[in-house]
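One structure is given below, encoded as structure tokens.
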């Protein structure tokens, strides 16, 4: 059997698959649980297409028992698709799955569960108005009546909680739990089903640094117990911190599998994007002019009454880029939303010294646009574009009331807009330059260029940019970065939000770090140290930020 | 990505769906022991074989244009207005009140006033569900259904207790003044000689065509239409763009209700010359089938309304000349709604993948 | 109004509320599983016709029941096909189902019986006769409780007792069994069910089938219990009132009993007293008829506690992006 295995493995193009035989791979495994024999999971030649998009192309991996295997890649590289196939959530077009040395068919999640696979999805699959206990037993009930299952699960939950520091109140409803606790429920669900292979998809994206640390501690326990873990992430730090082996994915293909101890973040980053990451953008030092944006004690509550922005103060001057760094979910989105006019709040926002409304009729996106605020939103699919609309309709979306786009009092100048769009597409190198094509037919980078063209060409006083290069190919990234710098040089104030620290560093003149709805520190990009920013992103100040000259560090508040 | 030609979407799929609906209806006719071919012949000759038939076909089509447009406009704002029946009922009340309130000197003035009355009452009946949807998130499908029943009760009350002339047993209003009677096709120059006096099609038909054009302008040429379509496709993006959800839902539903209410100039003012119980006769619901069949485009609505006008008139003839009850039309209507609406993916998915495969094959060749 | 009259009105309310209750519980199963069903009306109508027709031909109410439930289930299957398999719009499908029933029943009735779209009068074993509960006659003369037992509780057809029994059964199934847990989960978050290894499609079809059975029983009762035979459009909006009751009850079985009996009572009162003189104003019969709908709108508007439907309701489940 092992000959056919190595034959199969050898067929694969993924050259860096360094595991020619099992004993070699075993060395890579964690010392505490040195396994022998077959890999816990082996994927051979998995392919999957969604329509015309090839999400996975001929992918092979082997993961040894008792190890943590990382899968890293950019957004849209196909990591989640691959794992969903392993979990039986999607069906592969081609390829084989071997579990513990046995060729296993996984047509649905039931099959995955009985093969001992548990999965913690990026978006939790929990029933919000069920209790923890009900969620745990769903699909794993013993018998037709609930009562015995519930009492058994209650006991089991207590044991698991003690064993792995996975404490949750079994009778609490999911909707009452914090995100971190909801994730624990997902892990408990898998453990309750006696999974010995656990897949976690971007588990730390929604966690605070403390919660993330706790999660990694749990994963470490599980590894020591001999469980096999696959960790999907796009964060290099996490890979380096906890994994034993790592596979890199790029555009649906597996580009390499290496032992974590034998690689470096730089090498992984290069493998992820296909060439050396050169995020150094040509830019001259900023020539800041007068203050354009002043934000004072800005507070925003979400629908549930939870305060998402807790008194933000900052200002941006003309001809300067302020980058907002931070872990996703620390208030950056809310900051963009209220500045862009689709959230309500209290405090003060002034544009060129003029107060703008934070509630009521004149606080909407139309009023903001009239004030010279343009906004490239974080999520172009759900906010920035109407995917079914043609490019020309999207090119004026949000500015469709502009007198320039009206033929007369009653109707819009559609022909004029189409002509204008054709020119703008030319200038922004949107391909294909066909104004009548629906937005959904363009690639991510070209979609983003349409949004950018629309917002930049207005010559705004203030440009809000959220995640400008998320899901955008390398070529377009450089183009987009250049345009943002150009706008700065023309004297616009720019607020850049990005979860990619490299992007923040490359573009910003000054950086503000947000944590838990507050600005933890703000200062010039030149003196910002990696560790210092990391600490601020984790909500801590202290020793590590001492060396950051010119930085204003918030007084550490007691966390609730 | 967009590999399916446009004609497939706007013509082929609706026509195939229609064909399936007709085939199944034909089987039903066979099952009840009748001859479907003969049924079609009767329907065609009854609805299209004579000016008399045409006069009724176009009369019914006029109703369905209004209600079909009503459903279509709301649909563009992603609101499913199932309350056309109630809005048209109230529109009839508005028209009747306007026409009874004042001795109108000429039908032209009366028509304008009646249009205002019908549209305002229809819009008002859509306003409450629209407001509850926009402000409180109450599901508009359920509230408009409820308002159909409440509307029927209101009309019943008004006719029985308020508007019924003294001494009359009939739950209906008094007749409108002769000066408010709309010219029918019989009264038109040139073509008038072909149509008999009893033909109900009247100038409302041209108002309906005008309404089609204006709805087209509204949806595809105006700012409001742009915003309605944007909101209908993506509510989150509309909010980003500063388009107020409350404003759009209200505007779309008021226009929708107004269009449904306008129908009353045809059936109440143009034909019955008084308001009776159940004057709408299900036209509000047929509007759903018409809008679905017409792909929510005013021109499509126009064509689909003609089709349903034909079915309605043909069905009436069928009941007269054969033993097939006119409820056959309800079955056809249901099947059209089912196949063009609910079962849309049944044909669409395979047809689209066929065209995608063909396009890919061509690319490789 | 004497005690005897009150008992009579309540008795009538129970009979009028029974089809509403069955249809309401039918809707509850479907909507709890995430399938909106505005086609209850059509399913009841179809069942009413087939039960009336088969009972008339065979003279056996039980065969009528089977045929009625079969008719209702065939429409439930159409709705399931549209909503689950073809991922169509559930509301549009519901509308179609209603029209299908409305046209089809008359068409077939006319073809089979030639009585203008009705079925022949049912008599004898063709109807579900009232059941006299044990001891009903003996306690007749006991003051207060006697008439309640013998006139209000006793003397209904079997389907009335079935309907009432369905309330605790539904509650128990929903909240105490594995099936109920999965059913509720599939209406709240089908992905949670799918990733737990349970087929969303099978769960939803099962729910829709139960809806077919219960709505069918409601229709059967209309034609073979409440009335004696099928009449064109005999459901007269009851499917929609049941829907209103379901919202009123916030998708819970015990309140569903309360809501449907309240609506049944309203109908019973307006049947007996067309215009109610309250001294200051006279409530016209039309108002009484509209009350269920008005109450539902008020509930939907959230003025009396918010009615939150199952979260995944109305959305087809699409796994692949």
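Test of understanding: among A:345, A:353, A:372, which residue is in contact with a helix residue (DSSP H, G or I) (Cβ under 7 Å, 6 or more places away or on another chain) and either in contact (Cβ under 8 Å) with a residue 40 or more places away in the chain or more than 20 Å from residue A:300 (Cα to Cα) (or both)?
Residue meeting the stated conditions: A:345.
Quick check on my filter: what residues within the stretch C:275-287 are more than 30 Å from residue B:135 (Cα to Cα), out of contact with any strand residue (DSSP E or B) (no Cβ under 8 Å at 6 or more places or on another chain) and either at the interface with chain B (Cβ under 10 Å from one of its Cβ atoms) or touching a residue at least 12 places away in the same chain (Cβ under 8 Å) (or both)?
C:284, C:285
Out of (1) within 12 Å of another protein chain (Cβ to nearest Cβ); (2) touching a residue at least 24 places away in the same chain (Cβ under 8 Å); (3) out of contact with any helix residue (DSSP H, G or I) (no Cβ under 6 Å at 6 or more places or on another chain), the odd one out for residue C:114 is which?
(2)
Quick one: which of C:135, C:124 is away from every other protein chain (no Cβ under 14 Å) and at pLDDT 85 or above?
C:124
Within the stretch A:305-352, how many residues are over 25 Å from residue A:533 (Cβ atoms) and out of contact with any strand residue (DSSP E or B) (no Cβ under 8 Å at 6 or more places or on another chain)?
Counting residues in the stretch A:305-352 that are over 25 Å from residue A:533 (Cβ atoms) and out of contact with any strand residue (DSSP E or B) (no Cβ under 8 Å at 6 or more places or on another chain) gives 3.
For the stretch C:246-261: of the residues being more than 14 Å from chain B (Cβ to nearest Cβ) and surrounded by fewer than 20 Cβ atoms within 10 Å (Cβ to Cβ), which is nearest to residue C:34 (Cα to Cα)?
C:252
Can you give me the number of residues within the stretch A:97-113 that are surrounded by fewer than 21 Cβ atoms within 10 Å (Cβ to Cβ) and within 8 Å of chain C (Cβ to nearest Cβ)?
Final tally of qualifying residues: 3.
Only residues that are crowded, with 19+ Cβ neighbours inside 10 Å and closer than 20 Å to residue A:425 by Cα: list them for the stretch A:453-462, please.
Passing the criteria: A:453, A:454, A:455, A:456, A:460.
Which of the residues spanning the stretch A:379-406 are more than 10 Å from chain B (Cβ to nearest Cβ) and surrounded by 21 or more Cβ atoms within 10 Å (Cβ to Cβ)?
A:391, A:392, A:395
Which members of the stretch C:227-262 meet the condition of being closer than 13 Å to residue C:44 by Cβ, in contact with a helix residue (DSSP H, G or I) (Cβ under 8 Å, 6 or more places away or on another chain) and not in a helix (DSSP H, G or I)?
C:230, C:233, C:234, C:235, C:237
Filter the stretch A:418-440 down to residues that are in a helix (DSSP H, G or I) and surrounded by fewer than 16 Cβ atoms within 10 Å (Cβ to Cβ), then give me how many there are.
Looking only at that region, the number is 5.
Kindly establish whether residue A:317 is surrounded by fewer than 16 Cβ atoms within 10 Å (Cβ to Cβ), assigned by TED's automatic domain parsing to the domain that holds residue A:553 and at pLDDT 95 or above.
Here the answer is no, as residue A:317 does not meet what is asked.
Every residue, every condition in (1) modelled with pLDDT under 80; (2) surrounded by fewer than 16 Cβ atoms within 10 Å (Cβ to Cβ); (3) within 29 Å of residue A:472 (Cα to Cα), yes or no:
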{"site": "A:235", "(1), (2), (3)": "yes, no, yes"}
{"site": "A:257", "(1), (2), (3)": "no, no, yes"}
{"site": "A:260", "(1), (2), (3)": "no, no, yes"}
{"site": "A:266", "(1), (2), (3)": "yes, yes, yes"}
{"site": "A:277", "(1), (2), (3)": "yes, yes, yes"}
{"site": "A:280", "(1), (2), (3)": "yes, yes, yes"}
{"site": "A:296", "(1), (2), (3)": "no, yes, no"}
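Could you figure out which of (1) in contact (Cβ under 8 Å) with a residue 12 or more places away in the chain; (2) surrounded by fewer than 23 Cβ atoms within 10 Å (Cβ to Cβ); (3) under 19 Å from residue B:286 (Cβ atoms); (4) more than 9 Å from chain C (Cβ to nearest Cβ) isn't true of residue B:319?
The number of the failed condition is (1).
Being at pLDDT 95 or above and surrounded by fewer than 24 Cβ atoms within 10 Å (Cβ to Cβ) is the filter here; which residues of the stretch C:202-228 pass it?
Passing the criteria: C:202, C:203, C:205, C:206, C:209, C:210, C:213.
Looking at (1) surrounded by fewer than 18 Cβ atoms within 10 Å (Cβ to Cβ); (2) away from every other protein chain (no Cβ under 12 Å); (3) at pLDDT 95 or above, which is the only condition residue A:415 fails?
With respect to (1) surrounded by fewer than 18 Cβ atoms within 10 Å (Cβ to Cβ); (2) away from every other protein chain (no Cβ under 12 Å); (3) at pLDDT 95 or above, residue A:415 is out only on (2).
Any residue in the stretch C:136-150 that is surrounded by 19 or more Cβ atoms within 10 Å (Cβ to Cβ) and within 20 Å of the chain's Cα centre (by Cα)?
No, because not a single residue in the stretch C:136-150 is surrounded by 19 or more Cβ atoms within 10 Å (Cβ to Cβ) and within 20 Å of the chain's Cα centre (by Cα).
Consider residue A:349 against the criteria (1) crowded, with 17+ Cβ neighbours inside 10 Å; (2) farther than 21 Å from residue A:449 by Cα; (3) at the interface with chain B (Cβ under 10 Å from one of its Cβ atoms): it satisfies all of them except one. Which criterion is unmet?
Among (1) crowded, with 17+ Cβ neighbours inside 10 Å; (2) farther than 21 Å from residue A:449 by Cα; (3) at the interface with chain B (Cβ under 10 Å from one of its Cβ atoms), the lone unmet condition for residue A:349 is (3).
Considering only residues that are more than 7 Å from every other protein chain (Cβ to nearest Cβ) and more than 22 Å from the chain's Cα centre (by Cα), which ones fall in the stretch C:288-310?
Once the filter is applied, which keeps residues that are more than 7 Å from every other protein chain (Cβ to nearest Cβ) and more than 22 Å from the chain's Cα centre (by Cα), the stretch C:288-310 yields C:303, C:304, C:305, C:306.
Evaluate the following for residue B:327: is it surrounded by 17 or more Cβ atoms within 10 Å (Cβ to Cβ), more than 8 Å from chain C (Cβ to nearest Cβ) and either modelled with pLDDT of 85 or more or in contact with a helix residue (DSSP H, G or I) (Cβ under 6 Å, 6 or more places away or on another chain) (or both)?
It is false that residue B:327 is surrounded by 17 or more Cβ atoms within 10 Å (Cβ to Cβ), more than 8 Å from chain C (Cβ to nearest Cβ) and either modelled with pLDDT of 85 or more or in contact with a helix residue (DSSP H, G or I) (Cβ under 6 Å, 6 or more places away or on another chain) (or both).
Any residue at all in the stretch B:134-142 that is modelled with pLDDT of 95 or more, in a helix (DSSP H, G or I) and surrounded by fewer than 24 Cβ atoms within 10 Å (Cβ to Cβ)?
No: the stretch B:134-142 contains no residue that is modelled with pLDDT of 95 or more, in a helix (DSSP H, G or I) and surrounded by fewer than 24 Cβ atoms within 10 Å (Cβ to Cβ).
Could you list all residues from the stretch B:221-243 that are touching a residue at least 40 places away in the same chain (Cβ under 8 Å) and at the interface with chain A (Cβ under 7 Å from one of its Cβ atoms)?
B:233
Which numbered condition in (1) more than 14 Å from chain C (Cβ to nearest Cβ); (2) in contact with a strand residue (DSSP E or B) (Cβ under 9 Å, 6 or more places away or on another chain); (3) surrounded by fewer than 19 Cβ atoms within 10 Å (Cβ to Cβ) is the only one that residue B:177 fails?
(2)
Taking the options B:277, B:262, B:306, name whichever one is at pLDDT 95 or above, surrounded by fewer than 24 Cβ atoms within 10 Å (Cβ to Cβ) and within 29 Å of residue B:99 (Cα to Cα).
Of B:277, B:262, B:306, the one residue that is at pLDDT 95 or above, surrounded by fewer than 24 Cβ atoms within 10 Å (Cβ to Cβ) and within 29 Å of residue B:99 (Cα to Cα) is B:306.
For the stretch B:109-141, which residues satisfy the criterion of being more than 23 Å from residue B:95 (Cβ to Cβ) and either out of contact with any helix residue (DSSP H, G or I) (no Cβ under 6 Å at 6 or more places or on another chain) or in contact (Cβ under 8 Å) with a residue 12 or more places away in the chain (or both)?
If the condition is that a residue be more than 23 Å from residue B:95 (Cβ to Cβ) and either out of contact with any helix residue (DSSP H, G or I) (no Cβ under 6 Å at 6 or more places or on another chain) or in contact (Cβ under 8 Å) with a residue 12 or more places away in the chain (or both), then B:131, B:133, B:134, B:135, B:136, B:137, B:139, B:140, B:141 are the ones that fit.
Just for the stretch A:523-540: of the residues that are surrounded by fewer than 23 Cβ atoms within 10 Å (Cβ to Cβ) and under 20 Å from residue A:333 (Cβ atoms), which one is farthest from the chain's Cα centre (by Cα)?
Out of the qualifying residues, it is A:539.
The values are calculated or read from the model by the stated rules, or taken from the named source; none is laboratory data. All values derive from a computational prediction rather than experimental measurement. Note that we place each Cβ from the backbone using ideal geometry, even for glycine, and neighbour counts take in every protein chain shown.
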